[in-house]
């Protein structure tokens, strides 16, 4: 199995003054733990500054999205190569907010994941269902369809991570119960085994729906949960570190 990954997603939050939170996390993480990777995915304006703030620690810094192309006439976009140049090690692709706000389809997400790998980054590929899809009993079909369309050809099972984010639980305070999480994570693991055989066990599957210090230990104990994609709770060092410590 892969290392546990505790990844923060700051979204469109954070100014220079927020680097104090990165510094606090870096100081607490120190040289790191053998079994757990700590990662903060920051807005593009803070990636290089965040990398500098975390330079003497095992804390990794990532980006929140990337363009499929390495360069070109794409005003306002950022390439995976730019993120790598700024010191990033990972990048989130296919977050539900990007899919909804920017119309990013599975094929776009697969191209972004390929771009990340091209630049030497680890893509965190997000999948998840809406409340309407869950209530219609379409959760597993939706998630498996996204996996099939969003994971690029030629990738190795250990080259990327999956984040399951039930859309109805993102930023709402609602959390899928442990049986729901176990069902979907188990289905994702089975799908990965079908595509990658035994090496499918190497792909970390993160839970990304309102994980916080109060529920992290319970969720991380669910089979096939190999970490978390943390939203609001990652903005404060103390909250993020509580989740990180729950994974150790």
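The values are calculated or read from the model by the stated rules, or taken from the named source; none is laboratory data. Only a predicted model underlies this, so the values are computations on that prediction, with no experimental measurement involved. Don't worry about glycine lacking a Cβ; one is built from the backbone with ideal geometry, like all the others, and counts go over all protein chains shown.
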- Scanning segment 117-132 for residues that are at pLDDT 95 or above, part of a helix (DSSP H, G or I) and either over 17 Å from the mean Cα position of the chain (by Cα) or within 16 Å of residue 104 (Cβ to Cβ) (or both) gives 118
- Item | Answer residue from segment 33-82, given it is crowded, with 24+ Cβ neighbours inside 10 Å and out of contact with any helix residue (DSSP H, G or I) (no Cβ under 9 Å at 6 or more places or on another chain) and is nearest to residue 15 (Cα to Cα) among those | 39
- Message: Any residue at all in segment 85-92 that's farther than 24 Å from residue 19 by Cβ, surrounded by fewer than 19 Cβ atoms within 10 Å (Cβ to Cβ) and modelled with pLDDT of 95 or more?
- Response: no
- Note on the structure: Over segment 134-150, the set of residues closer than 18 Å to residue 207 by Cβ and modelled with pLDDT of 95 or more is 139, 140, 142, 143, 144, 146, 147, 150
